[in-house]
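Each value in this text was obtained by applying a stated rule to the coordinates, not by laboratory testing. Treat the numbers as computed from the prediction; the structure is a model and nothing was measured. Heads up, the Cβs are rebuilt from the backbone with ideal geometry, glycines too, and the neighbour counts pull from every protein chain shown.
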């Protein structure tokens, strides 16, 4: 036999063997009852005051499901495709709880879910999903979410207290380096949602004493904010070195910043810092000029960072979103995380997925700051990091940590 003939036989044998292996895997998957599709829940606000962030989370989930299915689906289940099941949790805690009850009653074949934007909503939703033994991934921040002994909640974001402890010291260093002196006084204005309450508790009980900051103003409102004038008047009278402004509704953020600018306190005259993604949403520019937000920083659990340019371009092309917020990238990552749990478990079963999440050590860590993807016995992601985002020339960009930053930070000059 000549060499060409032998080579052809070898190639044919290899291809035939690969096909046989693929057929065997496919046959085994079918024998095990692998479904054609696997349902994943997305329970977020799609109506009311928080509809916009919920819609952006839906964008992230849709992109994740599309990319997973285009890459061959869940291979351990014979290439089963993911199917997203969106659920509107509304804009109140009661609506969120009712939506969760409908979800677990009507969508009994869900293997996992992700949601629910506000920590207040996620606290209510997770009570229901826990009783149903349905794994719930969440980007919500409240420490309470994973302090209740639940076994079916997985918090991919750093907790509110952890975020403030990681981010604020870095901002203090930046302020001192830029101005030559350490900030001494601070004012807080926040809504009474779960995330804001948890963040403020960590700030007031731990960080302010540690960093030598004196709290000179502490204001709380219930969303939606009707009038920001009384709050900003107090900022003007106390004139703090730092102003911590913590809204979770875009309308509240706009009101506060407009009034701050009207009173001559904007554009760095009183350095403003937030602890949520709300203040960096694209909708902010619908009624606030880029000059008003220039230099404002916010400490968040996730954002578009260096290395995610392909996903950013995909988001812009499909949805015309100008930049990638936490709501997109975390929810996108959650789809891959659930897919990895399905691959590991080899079953389209919520209990098997929960067990896979509990024992996972790796996964799609590039979608979450901190570098690893592993959960502790509370359901908190081990090593969960934070990013600092700053408005620069009309775009909120990641400025910390340096390895993920797309631009260097600057401290607003008074």
Theoretical ellipticity at 222 nm over the chain - DSSP helices of four or more residues, -39500 (n - 2.57) apiece, nearest 500: -13500 deg cm²/dmol
Over the range 236-301, equivalent-ellipsoid semi-axes from the Cα gyration tensor in Å: 17, 14, 10
Extension gain from residue 314 to residue 366, taking 0.36 nm per residue of separation minus the Cα-Cα distance: 17.1 nm
Cβ crowding within 10 Å averaged over residues, with 52-62, 203-213 ranked highest first: 52-62, 203-213
Most fluctuating residue given options 172, 297, 324, as computed from a GNM of the chain linking Cα atoms under 10 Å: 172
Whole-Å semi-axes of the chain's equivalent ellipsoid (Cα gyration tensor): 43, 24, 18
Whole-Å distance, taken between Cα centres, linking the range 240-268 and the range 365-414: 22 Å
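If you count, for each residue, the other Cβ atoms within 10 Å and average over each peptide, how do 125-131, 328-334, 236-242 line up from highest to lowest? Please list the in-between numbers first.
Working: 125-131: 21.7, 328-334: 26.6, 236-242: 16.0.
Highest-to-lowest ranking by the protection proxy: 328-334, 125-131, 236-242.
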Surface/4 of the Cα convex hull for the range 167-216, nm²: 3.6 nm²
Length-normalised contact order for the range 172-278 - Cα pairs under 8 Å, 6+ apart - percent: 31 percent
Potential extension, residue 393-residue 102 segment - 0.36 nm per residue separation minus Cα distance: 100.3 nm
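In what sequence, highest mean first, do 73-79, 280-286, 251-257 appear when ranked by Cβ atoms within 10 angstrom?
Details: 73-79: 19.9, 280-286: 17.3, 251-257: 23.1.
Peptide ranking by packing, descending: 251-257, 73-79, 280-286.
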Expected-Rg normalisation [2.2 N^0.38 Å, Cα atoms] applied to the range 137-224: 1.23
Degrees between helix 93-106 axis and first principal axis of the chain (Cα, 0 to 90, nearest 10): 10 degrees
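Can you tell me the relative contact order of the chain? Whole percent, Cα pairs under 8 Å, sequence separation 6 or more.
Once divided by the residue count of the chain, the mean separation gives 17 percent.
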Size of the range 267-406 as Cα extents on the principal axes (Å, biggest first): 54, 32, 24
